[in-house]
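Below is one structure, written out as C-alpha cells; comments come after it.
No value in this document is a laboratory result; all are computed from the given coordinates. In this text the structure is predicted, and so the values were computed from the model without any measurement. Backbone-built Cβ (ideal geometry, glycine too); neighbour counts: all protein chains shown.
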Amino acid sequence: MTMKYGLLTYEENAKFFNVGDNIQSLAAKQYLPRVDEFINREELADYKGGPTKVIMNGWFTHNIHNWVPSEDIDPLFVSFHINNTAAPHMLNEKGIAYLKKHQPIGCRDQFSADTLKAKGIDAYFTGCLTLTLDTYKVDDSLRGDDIYIVDPLYSYPSWEKVTYNYKRFLRSIQNGKIFRLGDKKKHLARFIDEDLLKSAIYVNQEPPAGKYTDAEKFAMAEDLLHKYAKAKLVITSRIHCALPCLAMGTPVIFVNGFDSFVDSCRFDGILELFNRIDIDAKTGNYTANFALEGKVGRDTKVKNLGKHHALAEPMKEKCRAFIGGQDKI
C-alpha cells in the first residue's frame with residue numbers, strides 16, 4: 001500500500017479558533033511531498049485512512065479520551081507539547097506504552113520533555129517547528145514600514161473572555177477579573193509610545209468560530225506569515241507569531257505578561273530565544289532583556305538574537321529524514 005501524508009487540523013472552541021494552530025500545520029506541511037489527508041488532532045484514535053505519515057507537532061490535547069492515535073498513523077514526534085492538564089490522562093499505561101514505541105519524543109518545551117522523562121520515556125527538547133518557517137522569508141529590500149501588534153497581553157481579562165459564558169462571567173466577578181478589564185491598555189501604554197499604539201496594525205490570531213472552512217483558515221495563516229515576513233517590527237504575546245518571525249528574520253519583541261503555570265510551562269526553553277519585555281500582570285511594572293531607551297516607538301530597532309538556528313536546523317533534518325528526502329526545502 002502506498003504511504004500517504006497527513007496534516008493536522010483543529011477543532012474550534014465555542015467562540016474562537018487559534019490561527020496559530022494552522023501556522024504550526026504549515027510548518028509541518030513544508031516537509032510533505034503532498035497532503036493526502038487532513039486529520040483532526042482530536043480524532044487521531046479514529047483515523048482509518050491506511051498507512052499515513054504525520055508530523056505530530058503542537059499542543060496535545062483537548063480530547064483526552066481519544067488518545068492514543070490509531071495504528072494507521074506513522075508519527076514523527078517533534079515539537080510536541082503535552083498540556084499539563086491533559087498529561088495525567090494521556091500518560092496512563094496505554095499512553096506511556098505508545099510514546100515509548102515511538103521514542104525518542106522531540107518536545108516543543110522543556111516542561112513536556114521533563115514530564116515524559118519522569119515516566120521513563122526517552123524525550124528531548126526540540127523547540128517549535130515554526131522556527132523552520134524560513135521558507136516564507138523575503139529579501140530585506142522588500143521589508144516595508146508596517147509595524148504589527150499581535151494579541152499583546154492576550155492572557156489578560158477581556159470583555160469577550162469574561163462574558164464567554166454565564167459560568168465564566170460569575171467566576172470573573174468572584175475572582176475580580178472583571179475589575180481588571182482596563183489593565184491591558186494601561187500596561188501597554190507603559191512601554192509602547194502613544195504614536196505607535198495609534199498607528200500600528202493590530203492583528204487578532206483568535207478569530208470567531210463557525211465562520212471559516214479549514215482551507216480558509218490555512219489561507220489566513222499563509223496571509224499572516226506573508227505579512228509578518230515583510231514587517232518592520234512585530235510586537236506580540238503569541239509564540240506562533242513570534243517564533244515564525246525569528247525564522248523569517250523579522251525583528252520581533254515578545255511581550256510576556258503570563259502569570260499562570262498552564263501558560264508558563266508552554267514557554268519553558270522558548271522564552272530565551274526572544275528580545276522580551278516581561279510584565280508583572282498585577283502592577284504593570286516591566287523589564288526588558290534588551291537595550292530599550294524610553295518606550296517602543298516607530299524608530300525602535302531590535303536585532304533578533306539568532307539563538308533559534310541551533311534548534312531549527314536539527315528539526316529540519318529530522319523531518320526530512322522522516323519523510324525520506326521528499327521535501328520542498
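Points worth noting:
- Long-range amide H partners of Lys4 with built H, under 5 Å: Thr52, Lys53
- Distant-in-sequence amide contacts of Val252, defined by a placed amide H-H separation under 5 Å and a gap of 5 or more residues or a different chain, comprise Val234, Asn304.
- Applied to the range 217-225, the Karplus parametrisation 6.51 cos²θ - 1.76 cosθ + 1.60 on θ = phi - 60° returns per-residue 3J(HN,Hα) values of 5, 5, 5, 4, 5, 4, 4, 4, 4 Hz, with x for Gly and Pro.
- Test item: Cα-centred dipole of the range 227-301, Lys/Arg +1 and Asp/Glu -1 on Cβ, debye: 480
- Pairs from Lys217/Lys295; Lys137/Lys282; Lys15/Lys316; Lys94/Lys137; Lys198/Lys301 whose Cα-Cα separation, in the structure shown, is over 30 Å: Lys217/Lys295; Lys137/Lys282; Lys15/Lys316; Lys94/Lys137
- Measure of compaction for the range 10-121 (Cα Rg per 2.2 N^0.38 Å): 1.03
- Both radii are taken from the alpha-carbon atoms of the chain; with Rh as the Kirkwood radius, Rg/Rh is 0.96.
- Between amide H atoms placed 1.01 Å from N, distances below 5 Å from Leu76 occur with Val54, Ile55, Met56, all of them 5 or more places distant or on a separate chain.
- The reciprocal of the average 1/r between distinct C-alpha atoms defines the Kirkwood hydrodynamic radius, which for the range 43-107 equals 12.0 Å.
- Phi angles of the range 43-51 translate, via the Karplus equation with coefficients 6.51, -1.76, 1.60 and θ = phi - 60°, into HN-Hα couplings of 10, 5, 5, 8, 5, 9, x, x, x Hz per residue; Gly and Pro are given as x.
- Once divided by 2.2 N^0.38 Å, the Cα radius of gyration of the range 188-329 becomes 1.17.
- Residue among Thr213, Thr52, Thr130 with the largest mean-square fluctuation in a Gaussian network model of the chain, springs linking Cα atoms under 10 Å: Thr213
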